[in-house]
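Asker: The structure follows.
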Amino acid sequence: GIQVEQSPPDLILQEGANSTLRCNFSDSVNNLQWFHQNPWGQLINLFYIPSGTKQNGRLSATTVATERYSLLYISSSQTTDSGVYFCAVRPTGNQFYFGTGTSLTVIP
Amino acid sequence: GAGVSQSPSNKVTEKGKDVELRCDPISGHTALYWYRQSLGQGLEFLIYFQGNSAPDKSGLPSDRFSAERTGGSVSTLTIQRTQQEDSAVYLCASLLAGAYNEQFFGPGTRLTVL
């Protein structure tokens, strides 16, 4: 099956700093989502972004489908941004494949 | 309802017992997924339902696992003769049909097998 790799695996930031999270995938996809899993385990939708660029407040994302990667940008990080960030992709078929996540800790 | 709901939120059971986990998808969503997340890991696909089509069961780890979806809405994941390695968070997601749509997750059921 498709391989989904996220980097970095762990990230510690000072509040107010910016960061870039990366998701690489090994095959063409028709669906890509970014999620934030909060400390209580709830998966929160951030972006549906199979291609192009989107922005939502302090967060933005870019997917370059032809080069098989997506980037999630977090600016002016806050302690509430802490948690695990997952990308999920779907090639042909029904199944979504999740990366192993980036664990983010924002310290005040 | 407004979002995906799951019950129970926590389930503790003894090894060898059967358990049933429930998922109520977003109204109007015809597709439904079950996933398993072990501690500190990513999500593992279990099963996919789409409308009245036969489910995609390719992710079920053993024949002790089964799922059904009644009336195209509520789904139940059943684990028979539970084992300690079944301990995990079981997550359900629903989405509108088609490749170009977002999946939305429920809060999950944390299963602990003693």
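Asker: For the range A:86-96, name all the residues that are modelled with pLDDT under 95 and either within 7 Å of chain B (Cβ to nearest Cβ) or within 16 Å of residue B:31 (Cα to Cα) (or both).
Answerer: Within the range A:86-96, A:90, A:92, A:93, A:94, A:95, A:96 meet the criteria.
Asker: Same structure again: Scan the range B:90-114 for residues that are assigned to a strand (DSSP E or B) and touching a Phe, Trp or Tyr at 6+ places or on another chain (Cβ under 9 Å) and report the count.
Answerer: So the answer is 10.
Asker: Checking the condition in contact (Cβ under 8 Å) with a residue 40 or more places away in the chain, within 14 Å of chain A (Cβ to nearest Cβ) and over 18 Å from residue A:90 (Cα atoms), which residue from B:82, B:76, B:109, B:13 passes?
Answerer: Going through B:82, B:76, B:109, B:13 in turn, the sole match is B:109.
Asker: Residues of the range A:28-42 being at pLDDT below 95, under 26 Å from residue B:40 (Cα atoms) and not small (Gly, Ala, Ser), which ones?
Answerer: A:29, A:31, A:38, A:39, A:40, A:42 - these are the residues of the range A:28-42 that are at pLDDT below 95, under 26 Å from residue B:40 (Cα atoms) and not small (Gly, Ala, Ser).
Asker: Determine whether the range B:47-55 contains at least one residue that is more than 11 Å from the chain's Cα centre (by Cα) and among the hydrophobic types (A, V, I, L, M, F, W, C).
Answerer: Yes, there is a match, as at least one residue in the range B:47-55 is more than 11 Å from the chain's Cα centre (by Cα) and among the hydrophobic types (A, V, I, L, M, F, W, C).
Asker: Just the residues that are exposed (fewer than 15 other Cβ atoms within 10 Å of the Cβ) and within 12 Å of chain B (Cβ to nearest Cβ), please, taken from the range A:4-27.
Answerer: Within the range A:4-27, A:5, A:9, A:10 qualify.
Asker: Regarding the range A:41-62, can at least one residue be identified that is within 13 Å of the chain's Cα centre (by Cα), assigned to a strand (DSSP E or B) and touching a residue at least 60 places away in the same chain (Cβ under 8 Å)?
Answerer: Scanning the range A:41-62, I find no residue that is within 13 Å of the chain's Cα centre (by Cα), assigned to a strand (DSSP E or B) and touching a residue at least 60 places away in the same chain (Cβ under 8 Å), so the answer is no.
Asker: Condition first: more than 10 Å from chain B (Cβ to nearest Cβ) and under 16 Å from residue A:84 (Cα atoms). Now tell me which residues in the range A:28-43 satisfy that.
Answerer: A:34, A:36, A:38, A:39
The values are calculated or read from the model by the stated rules, or taken from the named source; none is laboratory data. Every value quoted in this text rests on a predicted model; they were computed, and no experiment measured them. Heads up, the Cβs are rebuilt from the backbone with ideal geometry, glycines too, and the neighbour counts pull from every protein chain shown.
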